[in-house]
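Below: one structure, written as structure tokens.
Bear in mind these aren't lab numbers, they're just calculated from the coordinates by the rules spelled out. Model, not experiment: these values are computed from the prediction. A quick note on method: Cβ atoms are made from the backbone with ideal geometry, for glycine too, and the neighbour counts reach across all protein chains shown.
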Amino acid sequence: MASRALVSVYNASSGLWVDLPTPSNYDASSSTLVDSARNSVGVMVGDVIAEDIAKIELTWNYLTVAQFSAIAKLFDSKYGGDFFNFVSYFDVVLGDFESNNSGTPTISTHRVFYVNDRKVKVAQITLDANGKPIGYQGVSLHLIDTGRRA
């Protein structure tokens, strides 16, 4: 069986899942959103709004310009991407991928994420004949769960 990408993004314009390159670091967290306050005696009162809201922080030691451009365009409507995307990812709470039994990503089994920070460092990189970098170091991408499910 072929290995899966830790993170795949559904590109609605092409109708295809796009596997992101395996990151150098995969930092994941899960949060519970609570609407809370304190009552007149200082006791917290509140309601859970949503459980298991995921945040995924991906970093790569190095990506080519083309690799980073392809990833960034998935989240940019000017290039056929979307701000909100279905994402297949390794869920650290579940200890597995959110997918159907076959292991194939499907829209109905994935969460909707939006992209936050996208960063690259252009340092100690080889330039092409036109003076453009051929790659980036210290690339990062943060994906935030919207709480919406398919």
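Just name one of VAL43, TYR114, ALA66: the one whose Cα is farthest towards the positive end of the charge dipole of segment 7-149 (beta-carbon charges, Lys/Arg +1, Asp/Glu -1).
Positive-most Cα among the choices belongs to ALA66.
Quick one, can you get me the convex hull of the C-alpha atoms of segment 7-149 expressed as volume per residue in Å³?
Once divided by residue count, the hull of segment 7-149 is 153 Å³.
Take LYS78, LYS73 and order them by how many other Cβ atoms sit within 10 Å, fewest up front. Before the final figure, lay out each step's value.
Working: LYS78 6, LYS73 15.
So the residues, fewest neighbours to most, are LYS78, LYS73.
Charges only on Cβ, +1 for Lys and Arg, -1 for Asp and Glu: so what's the dipole of segment 7-149 about the Cα centre, in debye to the nearest 20?
It comes to approximately 500 debye.
How much length is gained if the chain between VAL65 and TYR79 is pulled fully straight, taking 0.36 nm per residue apart and subtracting their Cα-Cα distance, in nm to one decimal?
Fully extending the segment from VAL65 to TYR79 adds 3.5 nm.
Using the charge dipole of segment 7-149 (Lys, Arg: +1 at Cβ; Asp, Glu: -1 at Cβ; taken about the Cα centre), state which of THR32, PHE90, LEU127 has its Cα farthest towards the positive end.
LEU127
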